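Comments concern the structure below.
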Amino acid sequence: MMNKFAHIIKQCNHYIIAASLLLSLSGIAGLVSISRNSETFLSREVFIQSAALILGVIAASVIMMLGYRYFLDLEKPLYIFSIIFLLTVYIPGLGTAFYGSRSWLDLGFITFQPSEPIKIIFVILMASYLSRTGNSLSSAKGVIMAALYGLPFILIVSKEDFGSGCVFCAIWIFMVFCSGLDLKVIFRLALVFILLIPMFYFFMAGYQKERIDAFLSPENLDLPGNYQVWNSKVAIGSGGFLGKGYLQGTQGYLGFLPVPESDFIFASIVEETGFLGGAFIITLFAVLMYHALKTAKYASDLQGTLIAVGLAGMFFFQAFENIAMSMGIMPVTGITLPFVSYGGSSMISAMMGIGLLLSVSCRQKL
């Protein structure tokens with residue numbers, strides 16, 4: 001078993017491993033600084049994040065050993081399980097709400113977000129479906145059928161967590177686009193989407209509308225979302241080129257920056273490490289994206305290509321949205337920065353995605 005594991009590790013893309021681990025360690029270092037006012041040197045958040053990283057590495061190793069083809073054969077049971085698991089947030093006494101979003105499970109000793117691991121399963125399900133029906137995407141009917149396949153996930157998640165719903169949409173778009181979608185169909189769908197934007201706004205929850213209003217009126221600090229973004233930009237700007245120094249940040253430590261350990265951890269890190277620290281984080285994500293797409297290019301089959309593309313799209317969209325909202329150029333959605341933001345379910349799921357990506361890379365064609 002150990003010889004097989006060593007052989008697989010030797011065959012897989014080491015840049016993906018290095019980038020994901022460096023991002024994870026950067027996030028833990030940021031958490032240590034943010035929570036340095038706790039009674040103990042290492043706060044509960046740091047312990048949870050470190051434990052989640054270890055569990056995530058174990059989960060990634062298991063997924064990598066089993067291989068992505070093992071999960072493709074479980075499409076139907078995984079589809080049913082995923083829908084049921086997402087609906088568990090509505091069970092009284094089990095589902096709980098944070099920041100206006102009822103998308104968490106309260107397990108007593110810890111909270112868990114079901115949508116996080118389902119993102120990875122959604123990539124597998126879409127890869128299995130599109131590998132069978134990709135040729136039909138040259139027609140509007142085929143695109144609609146592909147949309148209906150993923151619609152239950154997007155609707156269930158978006159109802160309580162608009163940010164996670166956007167991530168599911170991004171995964172769907174990346175994978176469908178790389179499955180041979182006709183350019184004429186793309187243009188028509190884009191036009192329909194633009195026309196439906198006002199309707200999306202009408203069905204949004206109150207706190208979601210507030211975030212959109214704040215983004216459209218950035219000068220109005222009375223809007224809740226703008227207070228967050230204004231303090232985030234202050235933190236980023238005050239970091240300068242080299243930053244204030246590790247453990248010297250004030251915005252997150254003194255409580256001016258809301259949710260500095262999760263939504264705005266990029267701002268917290270840049271305040272202490274400056275432009276160089278922010279560039280380092282972005283470069284690591286760029287390396288991860290490049291090698292994920294390289295893995296997609298050289299995958300041994302279409303399913304492997306689609307899985308790599310779906311994961312690349314997921315990581316790219318989350319990283320772009322989180323960093324962009326920290327700088328005020330995208331609306332605040334509550335999307336976490338993969339590997340870096342605090343959250344046990346987010347960390348474990350991100351590592352599961354890395355394991356799935358590595359399982360494609362170690363079985364790629366020469």
*List every residue pair whose Cβ atoms sit under 8 Å apart, with the two residues 6 or more apart in sequence or on different chains, where the first one lies in segment 146-168 and is touching a residue at least 60 places away in the same chain (Cβ under 8 Å) and surrounded by fewer than 20 Cβ atoms within 10 Å (Cβ to Cβ) and the second, anywhere, is outside any helix (DSSP H, G or I) and among the acidic types (Asp, Glu).*
none
*asked:* Whether any residue in segment 154-162 is among the hydroxyl-bearing types (Ser, Thr, Tyr) and either in contact with an Asp or Glu (Cβ under 6 Å, 6 or more places away or on another chain) or at pLDDT 85 or above (or both) is what I want to check.
replied: no
*asked:* Quick check on THR250: is it outside any helix (DSSP H, G or I) and either within 30 Å of LEU358 (Cβ to Cβ) or hydroxyl-bearing (Ser, Thr, Tyr) (or both)?
replied: yes
*Please indicate, with yes or no, whether at least one residue in segment 67-79 is surrounded by 15 or more Cβ atoms within 10 Å (Cβ to Cβ), in contact (Cβ under 8 Å) with a residue 60 or more places away in the chain and among the small types (Gly, Ala, Ser).*
yes
*Can we say ILE120 is touching a residue at least 60 places away in the same chain (Cβ under 8 Å) and either of a type in the set (Lys, Arg) or surrounded by fewer than 14 Cβ atoms within 10 Å (Cβ to Cβ) (or both)?*
no
*Which numbered condition ILE121 misses (of (1) at pLDDT 90 or above; (2) more than 29 Å from ASN3 (Cα to Cα))*: (2)
_Every residue from segment 297-350 that is over 22 Å from LEU25 (Cα atoms) and part of a loop (DSSP other than H, G, I, E, B)_ = TYR298, ALA299, SER300, ASP301, MET327, GLY328, ILE329, MET330, PRO331, VAL332, THR333
*How many residues are out of contact with any helix residue (DSSP H, G or I) (no Cβ under 7 Å at 6 or more places or on another chain) and on the phi < 0 side of the Ramachandran plot when one looks only at segment 326-349?*
1
*of a type in the set (D, E, K, R), touching a residue at least 60 places away in the same chain (Cβ under 8 Å) and either touching a helix residue (DSSP H, G or I) at 6+ places or on another chain (Cβ under 8 Å) or surrounded by 24 or more Cβ atoms within 10 Å (Cβ to Cβ) (or both) - does that describe any residue in segment 284-294?*
no
*Of these, LEU74, LEU105, which one is out of contact with any strand residue (DSSP E or B) (no Cβ under 6 Å at 6 or more places or on another chain) and among the hydrophobic types (A, V, I, L, M, F, W, C)?*
LEU74
*asked:* When you scan segment 295-305, do you find a residue that is over 12 Å from the mean Cα position of the chain (by Cα), surrounded by fewer than 20 Cβ atoms within 10 Å (Cβ to Cβ) and either more than 30 Å from THR133 (Cβ to Cβ) or of a type in the set (A, V, I, L, M, F, W, C) (or both), even just one?
replied: yes
_Is it the case, given these coordinates, that SER139 is among the hydroxyl-bearing types (Ser, Thr, Tyr), touching a residue at least 40 places away in the same chain (Cβ under 8 Å) and within 15 Å of SER349 (Cβ to Cβ)?_
no
*From the residues in segment 224-247 that are modelled with pLDDT of 85 or more and not in a helix (DSSP H, G or I), which one is surrounded by the most Cβ atoms within 10 Å (Cβ to Cβ)?*
GLY243
*Out of the residues in segment 9-42 that are outside any helix (DSSP H, G or I) and either charged (D, E, K, R) or surrounded by fewer than 19 Cβ atoms within 10 Å (Cβ to Cβ) (or both), which is modelled with the highest pLDDT?*
ARG36
*For GLY252, work out the one condition from (1) of a type outside the set (Lys, Arg); (2) at pLDDT 85 or above; (3) buried (at least 22 other Cβ atoms within 10 Å of the Cβ) it doesn't fulfil.*
(2)
*Can you tell me which residue in segment 101-117 is surrounded by the fewest Cβ atoms within 10 Å (Cβ to Cβ), limited to those that are in a loop (DSSP other than H, G, I, E, B) and either of a type in the set (A, V, I, L, M) or in contact with a Pro (Cβ under 7 Å, 6 or more places away or on another chain) (or both)?*
LEU107
_Can you tell me which residue is modelled with the lowest pLDDT among those in segment 82-100 that are part of a helix (DSSP H, G or I) and within 15 Å of GLU116 (Cβ to Cβ)?_
VAL89
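The values are calculated or read from the model by the stated rules, or taken from the named source; none is laboratory data. What you see is a predicted model; the values in this text were computed from it and never measured. Neighbour counts run over all protein chains shown; Cβ positions are idealised from the backbone, glycine included.
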